[in-house]
Amino acid sequence: MNQPSAAGRDAILVVLALTSGAVDAVTFLRLGNVFSSVLTGNLVLLGVALGQRHASLALNGGLALVAFSAGILAGSAVAGALSEGQPAWPRRATLTLAIELAVLAGFSAGWLAAGGQPAGAVRLVLLGLAAAAMGLQTAAVHRVGRMSTTYLTSTLGGILEALAVRRRPPDWQRSVGLIVALIIGAGLGALAAELLFAVVPVVILLPLATVVALALGWRTLWPGSPHDRPEGG
């Protein structure tokens, strides 16, 4: 199967960050004031909940952590491990993202059925689906390379470190693009959740569906690419 260049790969990773930002924003605003993918933040919130004896926040934070972890475990089993000499975009990464797309489609159906105001058990189910989807995406991107589209603390740290030593790393464009896309996605997710709940599925599904469609169409989009190498797994 033909493959994109590294620049093409980085561009679609940036698109994935739009979905990450949107899902995190919707989760925080409507599903219990926790994140779907920011593990550090959820761990802190879990500690705060325990310290304040805030049972609801503890439940939300614990559920998000468990579901995200389950998503990574399941996604890693599907995606496999990063390997030397693999193509720029392994087929298993596409399969894992396709599963994530199905999970977020289920999330969207539940969101619409709840009228954008999920409560009780429905809210918990949607929180679990959102966090599991972000875990799947994390596993898929790890199969592509040592990168992330869901938590970007180290990415931002790398940019600031490079600025401090006046050195521009070769992947700076991807790093900046990921951070900007995450912020834009979060802004769009927040606007949709607050003002027009029916648009939330579009905001979270469209970027991911675009990436899956592009990944499935590499042969057409990049015919004869020099990055076309057989995938070992």
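No other residue among Asn33, Asn60 is under 22 Å from Glu194 (Cβ atoms) and surrounded by fewer than 20 Cβ atoms within 10 Å (Cβ to Cβ) apart from Asn33. The set of residues from the range 81-133 being hydroxyl-bearing (Ser, Thr, Tyr) and either within 15 Å of Ala215 (Cα to Cα) or in contact with a His (Cβ under 8 Å, 6 or more places away or on another chain) (or both) comprises Thr94, Thr96.
Do we find that Arg9 is buried (at least 17 other Cβ atoms within 10 Å of the Cβ) and at pLDDT 90 or above in this structure?
Judged against the criteria, Arg9 is not a match.
Every residue, every condition in (1) polar (S, T, N, Q); (2) touching a helix residue (DSSP H, G or I) at 6+ places or on another chain (Cβ under 6 Å), yes or no:
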{"position": "Gln52", "(1), (2)": "yes, no"}
{"position": "Ser56", "(1), (2)": "yes, no"}
{"position": "Leu59", "(1), (2)": "no, no"}
{"position": "Ala93", "(1), (2)": "no, yes"}
{"position": "Glu100", "(1), (2)": "no, yes"}
{"position": "Ser108", "(1), (2)": "yes, yes"}
{"position": "Gly115", "(1), (2)": "no, no"}
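Against the list (1) modelled with pLDDT under 95; (2) under 13 Å from Leu104 (Cβ atoms); (3) out of contact with any helix residue (DSSP H, G or I) (no Cβ under 7 Å at 6 or more places or on another chain), the condition Val211 fails is (3). Within the range 5-30, residues that are under 24 Å from Trp89 (Cα atoms) reach no partner that is aromatic (Phe, Trp, Tyr) and in a helix (DSSP H, G or I) with beta carbons closer than 8 Å at six or more positions or on different chains.
Just so you know, in the range 72-95 the residues that are part of a helix (DSSP H, G or I) and among the polar types (S, T, N, Q) include one that is surrounded by the most Cβ atoms within 10 Å (Cβ to Cβ), and it is Thr94.
Screening Val26, Val38 for residues that are under 14 Å from the mean Cα position of the chain (by Cα) and modelled with pLDDT under 85 leaves exactly one candidate, Val38.
Looking only at residues of the range 131-173 that are of a type in the set (S, T, N, Q) and in a loop (DSSP other than H, G, I, E, B), we find that the one that is modelled with the lowest pLDDT is Thr150.
The values are calculated or read from the model by the stated rules, or taken from the named source; none is laboratory data. Because the structure is predicted, anything quoted here is derived from the model rather than measured. For neighbour counting, all protein chains shown are included, and Cβ atoms are generated from backbone atoms with ideal geometry for every residue, glycine included.
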